[in-house]
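Before any comments, here is the structure.
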Amino acid sequence: MSMATSDSEFNPDLLLAHKLPETRSTYNERDVAIYALGVGACGQDAVDSVELKFVYHENGQEHVQVLPTFVSLFSLGSLTDGLDLPGFKYDPSLLLHGQQYIEVYRPLPSKASLINKVSLAGLQDKGKAAILEIETRSYEQGSDELLCMNRTTVFLRGAGGFSNSSQPFSYKNYPSNQGLAVKIPQTQPSAALLYRLSGDYNPLHSDPNVAKRAGFPRPILHGLCTLGFAIKAIIKCICNGDPSAVKTISGRFLATVFPGETLITEMWLQGLRVIYQTKVKERNKAVLSGYVDIRGLSSSL
Ligand SMILES: CCCCCCC[C@@H](O)CC(=O)SCCNC(=O)CCNC(=O)[C@H](O)C(C)(C)COP(=O)(O)OP(=O)(O)OC[C@H]1O[C@@H](n2cnc3c(N)ncnc32)[C@H](O)[C@@H]1OP(=O)(O)O
């Protein structure tokens, strides 16, 4: 992959000493529904009985239901302002989302105001790149109850070489038997343009010139959009459509996805852990892998 020369300046001591400010998130049912549409809810069948509840109040239902990956949006505030951090001069177009780890502690309300406490949780030197981990703990305003936690790993191409530390990642081995289920939600060519309306306005996903400068032939799909597609497939296949069954989500973005490609998510149930892998069908390429821990299995399974 070719990319523009980075003129990054990286001072890890200054960076790690920096305290990130709190951010605030307020959302309502409209935001929840737009997010769900952005990750393909009701994409194949406009009246899909499992997915309709993520965008519309069905009969007898008081509120739309919130997909657990919606909470990943609370982690965006600290970085979408262009990574304005001391000791850190970096071309944001070279940044790639590397991993996302999510814990959801309580059923998600369909509207809320949150205070996000943000901290730098890790920094690794990979030689050709630096990896920065940012933790965001989101509390409901008023009750101060912890609702969820995100750990976001960003892969900063060209910013490595400041030390010799490195930390391996352990989710590489997949069961050799065929997965429990496979879902094929097709992304639309406009997928990234729709998903960005949920709050990630990074031009890498919408501007052909920015994408070219970053080394891509055209804008790429948001990592968190791919994650949303994958976790929704797991909720549908394994959790009987119940989004509150999801406790923990872990995902590593292995390769880029282009809007319009078809995503296949394969999953294996091991106790209360679902191991999953998402591939792009057209290129037979693994693009996302990880696990989901669930609270329990519905009796209908
Ligand atoms: C706070 C909120 C902020 C949110 C910001 C998000 C903003 C969004 O708008 C941005 C996006 O959504 S970008 C789109 C989504 N992400 C992607 O498409 C990236 C896909 N992955 C890749 O391209 C490669 O894996 C790539 C390029 C990442 C790595 O591939 P290689 O360069 O080939 O790396 P490799 O040689 O295999 O490994 C080098 C070391 O790095 C570790 N590593 C690899 N992939 C990683 C990944 N995805 N995440 C974390 N670490 C990763 C490897 O383990 C290796 O380390 P070690 O040598 O210690 O084993």
May I ask you to sort K53, K212 by Cβ crowding, counting other Cβ atoms within 10 Å and putting the fewest first? K212, K53
Over 24 Å between C-alpha atoms is what I'm after, so list which of K117/K212; K128/K232; K117/K232; K117/K279; K89/K128; K232/K279 land there. K117/K212; K128/K232; K117/K232; K117/K279
Within the under-10-Å Cβ sphere about E135, not counting E135, Lys/Arg +1 and Asp/Glu -1 give a net charge of +2
Report the calculated FRET efficiency for H57 and L193 (r = Cβ-Cβ distance, R0 = 25 Å), to the nearest 0.05. 0.40
Tell me, what is the FRET efficiency for S49 and N11 to the nearest 0.05, using R0 = 35 angstrom and their Cβ-Cβ distance as r? 0.05
Provide K19, K128 in ascending order of the number of other Cβ atoms located within 10 Å of each residue's Cβ, fewest first. K19, K128
Neighbour-count order for R196, R218, fewest beta carbons within 10 angstrom listed first: R218, R196
Place a +1 charge on the Cβ of each Lys and Arg in the range 59-166 and a -1 charge on the Cβ of each Asp and Glu, then give the dipole magnitude about the Cα centre in debye, rounded to the nearest 20. 320 debye
Using alpha carbons only, what's the Rg to Rh ratio of the range 247-301 with Rh from Kirkwood? 1.06
Which residues among the range 245-269 fall inside the zone where the amide N is under 12 Å from a point 7 Å beyond the Cα of R295, along Cα→Cβ? 245-248
So, with points 7 Å from each Cα along the Cβ direction, the L272-L254 label distance in nm works out to 2.7 nm
The summed charge of the A121 Cβ neighbourhood (under 15 Å; Lys/Arg +1, Asp/Glu -1) stands at +1
Find how much the distance from I115 to D84 grows on full extension, using 0.36 nm per residue of separation minus their present alpha carbon separation; answer in nm with one decimal. 9.2 nm
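Read-outs: derived from the displayed coordinates by stated rules, not from any lab. Small disclaimer: the values here were computed from a predicted structure and weren't measured. Heads up, the Cβs are rebuilt from the backbone with ideal geometry, glycines too, and the neighbour counts pull from every protein chain shown.
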